[in-house]
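The values are calculated or read from the model by the stated rules, or taken from the named source; none is laboratory data. None of these values were measured; they are calculated from a predicted model. Positions of Cβ are backbone-derived with ideal geometry, glycine not excepted, and every protein chain shown enters the neighbour counts.
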Amino acid sequence: MGEQGTFQATGRFPEGRLAFPHRDLTGIGQLARHEILYLLAEAEQWVELNRQRSKHSDLLAGLTIINAFFENSTRTLLSFEIAGKRLGADVVNMHAATSSVKKGETLIDTAITLNAMRADAIVIRHGSSGATRLIADKVDCPVLNAGDGSHEHPTQALLDALALRRKLAELGQASEDFTGLKVVICGDILHSRVARSNILSLTALGACVRVCAPPALMPAGIAAMGVAVFHDFDAALEGVDVVMMLRLQQERMAGQFIPSAREYHHLYGLTRQRLARAASHALVMHPGPMNRGVEIDSEVADMLDRAIITQQVEMGVAIRMACLDILTRAARGVEGWTA
Ligand code: CP
């Protein structure tokens, strides 16, 4: 019986590094269901710490974490920085816009340079799909994907799962996974690494996932990921428990994919009236940054009882603390985690 089978039979996570036998976190696609659940379970302790007045742990004291961001970010960069600092690590941020990347240095030479500085973990955001894997193959420390092109944004999917699971528990629908939950993801599915990571995570955890976008913003063959494909948002919303909205990723669009923002909002914007098609208890999610009045109306985004967008941000710090802790256990010599 493999680790997944043991987990299913006993409900207990495998011991030591068998619980998470990966050096890097490059995508949800590399993870088994029990490994996703392990990361969520480990994050719970950090949610509690983050709600205390004093939010400090010395777990990663003496370690150096480099956040190398080749694309803009508010939530991911800050939460990785806060996560590392709350765990006691030395955290350094490298912004590509002010680095030697601007002088023509390649991604691989940048990776070799960071490696020579003996980082204990490197967090990468890059505009090219697969950039994180490329760097992971060149360095000696764990690499965490903070978003690579339109490929994956694994910590976003993990924080989304944690925020959703905690909200469902608060509503009395406590469950370890999302079996039977109906989720619609609507927006620029074609360019969205968030959509891809969430499809992988939500389906692994048992949810029924629908994706909705104009035909030009829907990737060919996406049904093979186990999702139902919609182009009519009103139909896609019927009876769902969760509505996850995504922004239009203009920075990845070469050419015109939609006639206008106004027309897009008319067909695909989440309004209060449209939300009424979903289940009466349906929750609203958005990874941010939001474009209010385009993919989501303010009166929906700010619904205190239905929108869990700020909870998603809060869970981002806890998830990133869990990832940094778990991926540095081997280097820290934690019993049961060394190779
Ligand atoms: N959700 C997300 O990745 O946001 P940032 O681009 O602000 O990091």
>> I'd like the full set of residues that are under 15 Å from Ala19 (Cα atoms), part of a helix (DSSP H, G or I) and of a type in the set (A, V, I, L, M, F, W, C), limited to region 325-337.
In response: Ile326, Leu327, Ala330
>> Can you list residue pairs whose Cβ atoms sit under 6 Å apart, with the first residue in region 71-92 being without any contact (Cβ under 8 Å) to a residue 60 or more places away in the chain and the second being surrounded by fewer than 18 Cβ atoms within 10 Å (Cβ to Cβ) and among the charged types (D, E, K, R)? Count only pairs 6 or more apart in sequence or on different chains.
In response: Gly88/Asp58; Val91/Lys85
> Here are Thr76, Thr98, Thr110: which of them is buried (at least 18 other Cβ atoms within 10 Å of the Cβ), more than 16 Å from the ligand (Cβ to nearest atom), polar (S, T, N, Q) and assigned by TED's automatic domain parsing to the domain that holds Gly130?
Replying inline: Thr110
>> Go through (1) within 30 Å of Pro21 (Cα to Cα); (2) within 16 Å of the ligand (Cβ to nearest atom); (3) not assigned by TED's automatic domain parsing to the domain that holds Ile124 for Leu248 and report which single condition fails.
In response: (1)
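Kindly indicate whether Ile122 is away from the ligand (no atom under 16 Å from the Cβ) and surrounded by 18 or more Cβ atoms within 10 Å (Cβ to Cβ).
Answer is yes for this residue.
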>> For region 167-188, check the following and say yes or no: at least one residue is surrounded by 20 or more Cβ atoms within 10 Å (Cβ to Cβ), more than 17 Å from Val240 (Cα to Cα) and not acidic (Asp, Glu).
In response: no
> Hey, among the residues in region 112-134 that are in a helix (DSSP H, G or I) and in contact (Cβ under 8 Å) with a residue 40 or more places away in the chain, which one's nearest to Leu63 (Cα to Cα)?
Replying inline: Leu114
